[in-house]
1. Out of the residues in the stretch 133-150 that are in a loop (DSSP other than H, G, I, E, B) and without any contact (Cβ under 8 Å) to a residue 12 or more places away in the chain, which is farthest from D26 (Cα to Cα)?
2. So, in the stretch 14-33, of the ones that are touching a residue at least 24 places away in the same chain (Cβ under 8 Å) and surrounded by fewer than 14 Cβ atoms within 10 Å (Cβ to Cβ), which residue ends up nearest to the chain's Cα centre (by Cα)?
3. Exactly one of these conditions fails for S136: (1) modelled with pLDDT of 95 or more; (2) more than 13 Å from D64 (Cβ to Cβ); (3) of a type in the set (S, T, Y). Give me its number.
4. Taking the stretch 178-193, which residues are in a helix (DSSP H, G or I) and within 23 Å of the chain's Cα centre (by Cα)?
5. Suppose the filter is more than 30 Å from D170 (Cβ to Cβ) and among the aliphatic types (A, V, I, L, M); does L106 pass it?
6. Looking at the structure I just gave you, is V70 of a type in the set (A, V, I, L, M), within 20 Å of the chain's Cα centre (by Cα) and surrounded by fewer than 19 Cβ atoms within 10 Å (Cβ to Cβ)?
7. Hey, any hits in the stretch 35-50 for a residue that's surrounded by 14 or more Cβ atoms within 10 Å (Cβ to Cβ), in the same structural domain as K84 (by TED's automatic domain parsing), out of contact with any Asp or Glu (no Cβ under 7 Å at 6 or more places or on another chain) and in contact (Cβ under 8 Å) with a residue 40 or more places away in the chain?
8. How about the stretch 153-169: which of its residues are crowded, with 16+ Cβ neighbours inside 10 Å, part of a helix (DSSP H, G or I) and free of Cβ contacts under 8 Å to residues at least 60 places away in the same chain?
Amino acid sequence: MINPKQVFLGCSFKMRTSAYAHLAQDAAEQFGVSLVFGDNSPQAKNIREEAFRLIATSRVVILDIVPDNVNVAVEYGFAKGCGKQNIFLLTRKHMFEKPEFPSMLLGLQYKEYRGMEEFSGRIEANLAQHYRKTPSIIDAESPDDQQWLRREIVNLLRDVGRATRKQIADALNCTPPDITREAKTLVQQRGLGSDTSGNDTVYFLLPESALDPVQ
């Protein structure tokens with residue numbers, strides 16, 4: 001089961017200094033999400049299997065790719081195999097030569113960063129695509145805000161299947177009234193289903209929905 005507020009960060013062990021980890025965690029905390037690494041559980045007997053488990057249960061996967069590191073490339077392949085929608089690739093900028101990544105990563109788009117401050121900014125920018133900073137109210141007069149929320153409601157439901165209004169609000173760091181307003185539009189115009197028989201409305205994508213995968 002996917003944890004809507006869990007983010008996986010894959011990187012080489014050599015790169016993951018205490019400063020690197022703290023900056024990434026600080027960025028995640030701004031969005032109220034839990035950042036996990038492949039060796040997050042000390043009890044795990046197999047680090048790769050633990051990484052795969054965490055990727056499978058994360059809504060967002062961020063991979064810091066480096067040349068000649070197969071492990072992160074394997075994590076990318078697993079994430080794609082799981083059908084993950086939200087995969088972001090980062091890499092530290094190489095000053096003098098173009099990096100040679102494992103073949104699995106060739107041709108993919110990635111964002112470069114030069115130092116730790118820019119690294120933190122990249123993490124924040126990635127998370128901002130799928131979460132609001134806590135707490136946050138959507139501007140009902142802003143077309144950009146409306147489009148973002150509608151996109152992420154659909155995106156979230158593709159990941160989790162069904163969710164109540166409150167669960168969606170908690171997952172995206174929005175308010176329940178915002179979810180009600182934008183989900184109503186999706187129900188009317190885009191094939192989103194709703195169940196109002198319980199204490200809180202449950203939303204889901206209809207099987208015949210023609211919605212395109214959200215990038």
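The values are calculated or read from the model by the stated rules, or taken from the named source; none is laboratory data. Just so we're clear, the structure is a prediction, and the values are computed from it rather than from any experiment. Here the Cβ is made from the backbone with ideal geometry for all residues, glycine too, and neighbour counts use every protein chain on show.
1. Filtering the stretch 133-150 for residues that are in a loop (DSSP other than H, G, I, E, B) and without any contact (Cβ under 8 Å) to a residue 12 or more places away in the chain, the one farthest from D26 (Cα to Cα) comes out as E141.
2. Only one residue fits best here, namely D26.
3. (1)
4. D178, I179, T180, E182, A183, L186
5. On the way: more than 30 Å from D170 (Cβ to Cβ): yes; among the aliphatic types (A, V, I, L, M): yes.
So L106 passes the test.
6. no
7. no
8. Correct list: I153, L157, R165, I168, A169.
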